[in-house]
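Single-structure report; data block below.
The values are calculated or read from the model by the stated rules, or taken from the named source; none is laboratory data. From a predicted model like this one, the values you see are computed outputs, not experimental measurements. FYI the Cβ positions are ideal-geometry reconstructions off the backbone, even for glycines, and counts take in every protein chain you see. Heads up: the accessible areas ignore ligands, DNA and RNA and are worked out on the full protein's heavy atoms, side chains in. Shrake-Rupley method; radii C 1.70, N 1.55, O 1.52, S 1.80 Å.
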Amino acid sequence: MDWESNGSHVLIGEAELNINHLLENPKAGFALVNPAKKKKSSYKNSGTLHLKFIQVRQDNTFVDYLRGGYQLSLALAIDYTASNGFPTNPQSLHYAYGGGPNVYQQAISAVGDIVCRYDYDGKFPVFGFGGRVGKGNP
């Protein structure tokens, strides 16, 4: 693009290349062709693109990290603060009287079922915070 201070930038030209072509010819110049000017019989290109540097970077996958010795450890923390509601209230995130898992249990299962397979020692520390233990608290 030919930058204009008023924001009406103008296309200089474009080049379509693939990675193999770039790697095989890193020092080659690539013609920049403006599609609007291409129809003129005397038009060849609007300039040439020359690359100073090209690098292909491969991002590692989750499996690559595991194969490389990366160790995972699943640890859980459960919020028992009153802001989540009383455990006997069906609207509470801690509701445990409905016969099925509550939302905390569902979340732990969803994540834990996957991550536990990769946990290096098979131990899963669980921490709770914000709860009150004592008389009158289920």
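Filtering region 96-107 to residues that are open to solvent by less than 60 Å² (accessible area, probe 1.4 Å) and either within 16 Å of residue 129 (Cα to Cα) or among the hydroxyl-bearing types (Ser, Thr, Tyr) (or both) leaves only 104.
Just checking, how many residues over region 84-127 are in a helix (DSSP H, G or I) and either touching a helix residue (DSSP H, G or I) at 6+ places or on another chain (Cβ under 9 Å) or over 30 Å from residue 67 (Cβ atoms) (or both)?
Here is the first cut: in region 84-127, the ones in a helix (DSSP H, G or I) are 84, 103-118.
Filter once more, keeping what is either touching a helix residue (DSSP H, G or I) at 6+ places or on another chain (Cβ under 9 Å) or over 30 Å from residue 67 (Cβ atoms) (or both): 84, 103-106, 118.
Total meeting the criteria: 6.
Kindly check whether there is at least one residue in region 66-87 that is under 30 Å from residue 123 (Cα atoms), open to solvent by less than 60 Å² (accessible area, probe 1.4 Å) and either in contact with a Lys or Arg (Cβ under 7 Å, 6 or more places away or on another chain) or polar (S, T, N, Q) (or both). Yes, that holds for at least one residue.
Every residue, every condition in (1) more than 30 Å from residue 133 (Cβ to Cβ); (2) basic (Lys, Arg); (3) touching a residue at least 12 places away in the same chain (Cβ under 8 Å), yes or no:
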{"site": "24", "(1), (2), (3)": "yes, no, no"}
{"site": "40", "(1), (2), (3)": "yes, yes, no"}
{"site": "51", "(1), (2), (3)": "yes, no, yes"}
{"site": "62", "(1), (2), (3)": "yes, no, no"}
{"site": "80", "(1), (2), (3)": "no, no, yes"}
